[in-house]
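Remarks on the structure that follows.
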Amino acid sequence: MKALADFHLEIRPEVPGAPIALVNRALVNTAIEFCDYTLTWRDEIDTQGIRADQNTYDLDAPSCARVAAVLYAGHNDVRVMPGNERNLNDNVDGWRQSTNTSDAADYYYLPDRKTIRLALTPGTTLAGGLDIFCAFKPTVTAEYLPDVLYNDHLEAIGRGAKARLLIMAGMPWANPQLGLAYGQLFEEAKVKERAERFNDYTRESTFSANPPNYWSG
């Protein structure tokens with residue numbers, strides 16, 4: 001993880017006089033936007049044990065992070081398919097009743113960014129039976145950002161933060177025209193990273209060209 005101050009050289013020379021607190025807020029908000037759009041910050045959540053008759057489990061994100069999307073969930077090494085509450089209500093009878101159990105869950109959804117719920121409810125206790133791979137984004141109070149943003153996207157993150165600061169009306173460092181230019185460059189960097197991350201930085205994929213659910217919207 002990199003401290004916010006490690007990114008300042010990319011930002012502060014072009015926003016002279018901007019308070020550190022404002023610079024850090026612009027930096028964190030830019031990082032959140034970038035990670036939300038590209039899903040570039042990824043890691044596994046520690047494997048959790050499955051408990052019989054329990055269908056809801058905490059998503060323990062790294063320090064300074066929130067879950068942006070669950071990319072993979074597995075129950076006893078078998079993939080669990082993503083769903084949503086509406087579709088489960090329409091298609092899976094009795095999924096809300098914790099008394100309706102199964103040996104392996106077929107679906108999961110996120111009631112919020114801190115919790116994963118399985119359907120149907122697991123009927124067997126299994127140590128280390130829930131595997132979860134996630135994309136993350138910083139929290140709004142983050143004091144550190146992931147290495148990937150510094151090592152691979154330092155210029156893009158700097159441009160996004162400068163765009164936010166330069167368009168602040170009435171500030172002595174304001175330069176709306178330059179801010180809009182940096183904002184456009186940041187948008188282009190987001191689109192490029194999203195496209196490359198979707199194929200995991202390979203030239204092509206033999207899998208379906210249709211993007212998975214977490215890319216929709």
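Readers should treat all values here as calculations from the given coordinates under stated rules, not as data from a laboratory. Just so we're clear, the structure is a prediction, and the values are computed from it rather than from any experiment. Note: ideal-geometry Cβ built from the backbone for every residue, glycine included; neighbour counts use all protein chains shown.
For this structure, a couple of remarks:
- 27 Å tail of the calculated P(r), the chain, as % of Cα pairs: 43 percent
- Extended-chain gain in nm, criterion 0.36 nm per residue less alpha-carbon gap, residue 60 and residue 188: 42.9 nm
- Note on the chain: lysine pairs with Cα distance below 22 Å, sequence gap of 8 or more or different chains, count 9.
- The slack in the chain from residue 87 to residue 133, taken as 0.36 nm per residue of separation less the alpha-carbon distance, amounts to 14.3 nm.
- Intensity falloff of segment 113-191 expressed as log10 I(q)/I(0), Debye formula with alpha-carbon point scatterers, at q = 0.19 Å⁻¹: -0.93
- Based on C-alpha pairs under 8 angstrom that are at least 6 apart in sequence, the chain has a relative contact order of 31 percent.
- Computed FRET value (nearest 0.05) for residue 20 with residue 112, which takes r as the C-beta separation and R₀ as 41 Å: 0.80
- Label-to-label distance, nm, for residues given as residue 198 and residue 78 (7 Å Cα→Cβ offset): 3.1 nm
- Contour excess over end-to-end distance, with Cα ends at residue 43 and residue 3 and 0.36 nm allotted per residue: 12.5 nm
- The smallest convex shape that holds all Cα atoms of segment 42-137, its convex hull, gives 80 Å³ per residue.
- Distance from segment 70-123 to segment 1-28 (C-alpha centre basis), Å: 42 Å
- Relative contact order, percent, segment 42-137 [alpha-carbon distance under 8 Å, six or more residues apart]: 51 percent
- Taking every alpha-carbon pair within segment 15-82, the share separated by more than 13 Å comes to 74 percent.
- Here r is the Cβ-Cβ distance between residue 126 and residue 97 and R0 is 25 Å; the resulting FRET efficiency, rounded to 0.05, is 0.75.
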